[in-house]
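To keep things clear, I will list the structure first and then write my remarks on it.
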Amino acid sequence: MRRDHRPLFVKRAAAALSELYARTYLHPQFDALGAGSKFINPRYFQVNGPRIRIGEHLHSMATRDRPIILTVHPDRDQTSRLELGAFCIILPGVRIAAATEIVAGNNCMFATNCYLSDADWHDIYDRTEAPGRTARIVLGDNVWIGDSAIVCKGVRIGDNSIVGAGAVVARDVPPNTIVAGNPARPVKQLDEARGFRRRQDLFHASEDYEVYLERYDAFMLAENTFGRWLRSLILPTRSL
């Protein structure tokens, strides 16, 4: 689709239905979910297992062909867990699977198709034994996991670090470091003295973030009409 042809009231109605679906079917699946969460296409967001906790203002977008899947493997001791801090964003196709423990700080960003797993999920020699070897994953604050990157068991990633697209991270990453490749290696050091603008700053700006989004949608969709929207669905043309 070349552009969003929906009138503002249609977009608002769709958002309200998504919010209703998320509150009814998705929110109860979390042990804790902070205020201000926003799920785009919540029916493609899967929560499997207990002890999944997420901080405030999670923003996520799943799609039919790239669902988001958060999984905690149930264990006898009931200690396995998955926790994400506040102001995180999760894009389509993200999978996070915890057999022991995966913990991420605030302002973390998970790009399309990235995968985090703290287990082998089968023993190396006894392929019938699951989940195999495990070791906790810890992400600091403001970590960015790039498109299709993989973070393996036992890895710690320091504050503000970035994992490049397609990287496979099998060793710890220091703070303020960009890593890339397979296996991932440092390629650049970030200058912490320059400061970082984090996702939480969107919500602490002079204008409320939700008000900004409403104003932006009203501007972008101002000329859309119900009739033109229906025509774009039935008989799209370049002029639309």
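In the set THR63, THR71, only one residue is touching a helix residue (DSSP H, G or I) at 6+ places or on another chain (Cβ under 7 Å) and more than 28 Å from HIS204 (Cα to Cα); that residue is THR63. Residues of region 118-154 that are hydrophobic (A, V, I, L, M, F, W, C) and over 30 Å from LEU202 (Cβ atoms): ALA119, TRP121, ILE124, ALA130, ALA135, CYS152.
In the set (1) surrounded by 14 or more Cβ atoms within 10 Å (Cβ to Cβ); (2) in the same structural domain as ILE137 (by TED's automatic domain parsing), the condition left unmet by ASN182 is number (1).
Could you tell me whether region 152-159 includes any residue that is more than 22 Å from ALA32 (Cα to Cα) and of a type in the set (A, V, I, L, M)?
Taking region 152-159 as the starting set, the residues that turn out to be more than 22 Å from ALA32 (Cα to Cα) are 152-159.
From what is left, the residues that are of a type in the set (A, V, I, L, M) are 155, 157.
Yes.
Among the residues making up region 176-209, those that are modelled with pLDDT under 95 and of a type in the set (Asp, Glu) are GLU192, ASP201, GLU207, ASP208.
Where residues in region 142-179 are of a type outside the set (A, V, I, L, M, F, W, C) and assigned to a strand (DSSP E or B), which of them is surrounded by the most Cβ atoms within 10 Å (Cβ to Cβ)?
Step one: list which residues in region 142-179 are of a type outside the set (A, V, I, L, M, F, W, C), which gives 142, 146-148, 153-154, 156, 158-161, 164, 166, 171-172, 174-177.
Pick out the ones that are also assigned to a strand (DSSP E or B) and you get 156, 177.
Numbers: ARG156: 17, THR177: 21.
Among them, the one singled out is THR177.
Is it the case that some residue within region 210-227 is farther than 21 Å from LYS38 by Cα, part of a helix (DSSP H, G or I) and in contact with a helix residue (DSSP H, G or I) (Cβ under 8 Å, 6 or more places away or on another chain)? Yes - at least one qualifying residue is present in region 210-227.
Taking SER60, is it surrounded by 14 or more Cβ atoms within 10 Å (Cβ to Cβ), in contact with a His (Cβ under 9 Å, 6 or more places away or on another chain) and under 22 Å from ARG81 (Cα atoms)? Lay out the reasoning, then the answer.
Numbers: surrounded by 14 or more Cβ atoms within 10 Å (Cβ to Cβ): yes; in contact with a His (Cβ under 9 Å, 6 or more places away or on another chain): no; under 22 Å from ARG81 (Cα atoms): yes.
When the stated conditions are applied, SER60 does not pass them.
Going through region 228-240 one residue at a time, which ones are assigned to a helix (DSSP H, G or I) and small (Gly, Ala, Ser)? Steps first, please.
Within region 228-240, the subset assigned to a helix (DSSP H, G or I) is 228-234.
Scanning region 228-240 gives a single hit, SER232.
Taking every residue in region 58-81 that is of a type in the set (Gly, Ala, Ser) and pairing it with any residue that is assigned to a loop (DSSP other than H, G, I, E, B) and surrounded by 14 or more Cβ atoms within 10 Å (Cβ to Cβ), at least 6 positions away or on another chain, the pairs with Cβ-Cβ distances below 7 Å are ALA62/ASN41; ALA62/PRO92; SER80/ARG51; SER80/HIS73; SER80/ALA99; SER80/THR100.
The values are calculated or read from the model by the stated rules, or taken from the named source; none is laboratory data. Predicted model, so just to flag it, every value in this text is computed and none were measured. As a convention, Cβ positions derive from the backbone with ideal geometry for all residues, glycine included, and neighbour counts pool all protein chains shown.
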